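Written below as structure tokens is the structure these notes are about.
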Amino acid sequence: MKSRIAIAIFAGAVLCPSLALAAEAPEAAGSWFSLIFYVINFVIFLWILNRYAGPPVRQYFGDRARGLRETIGKADAAFREAQDLANRAAERIAKLEAEKTQISSDLADETVYQVGRVYDLAHESVARIKHDAEMTAAALRDAAQRRARESLAAAAGRIARDLVERSFVPADQRRLLDGFLDKLREEARE
């Protein structure tokens, strides 16, 4: 209700000077009167504005200022919190970089160790394979020599049997038995 009255008074105050300007003014005599009228009209206008529009305007600007202060306070708090988060993130990134460097160094050391281990195992395997090859070659050589001796002995036995069968006479048998008995007597004496 008050706002309607304020609007009506405001409209009247605004329209009154325009009515006064629309009227014919006396030449020189009315100029002071017009000035006083305008001043009084302006003072009334200011009083009406102050009376009816002043409190809502002051409340609006007070609320607006309070809202701005709260918004600025929230923005400052959010900025400080964001700055704190950024600092913590930077610390974490630095820690992660240090940890990454340490892990990389550890992996490089472990790789060098494992390569050395593989190199040592490879040399041991080469030595074992070489030793096994030498042992296998020696065993194959011994087996071949044994087979060669066996086959030579078998061939010599066949040849000797063939020779004995062809040229063995009873006197040879007697002589072999006498030689065998003489050898036995000599060994019995010792």
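The values are calculated or read from the model by the stated rules, or taken from the named source; none is laboratory data. Not measured: the values here are computed from a predicted model. Cβ: placed from backbone, ideal geometry, glycine included. Neighbour counts: every protein chain shown.
Out of all the residues in the range 71-85, is one or more polar (S, T, N, Q), under 30 Å from the mean Cα position of the chain (by Cα) and assigned to a helix (DSSP H, G or I)?
Yes, the range 71-85 contains at least one residue that is polar (S, T, N, Q), under 30 Å from the mean Cα position of the chain (by Cα) and assigned to a helix (DSSP H, G or I).
Got a number for residues in the range 53-74 being touching a residue at least 40 places away in the same chain (Cβ under 8 Å) and aromatic (Phe, Trp, Tyr)?
Residues meeting the conditions: 0.
Please tell me if Ile72 is of a type in the set (Val, Ile, Thr), at pLDDT 85 or above and either in contact with a His (Cβ under 9 Å, 6 or more places away or on another chain) or surrounded by 10 or more Cβ atoms within 10 Å (Cβ to Cβ) (or both).
So Ile72 passes the test.
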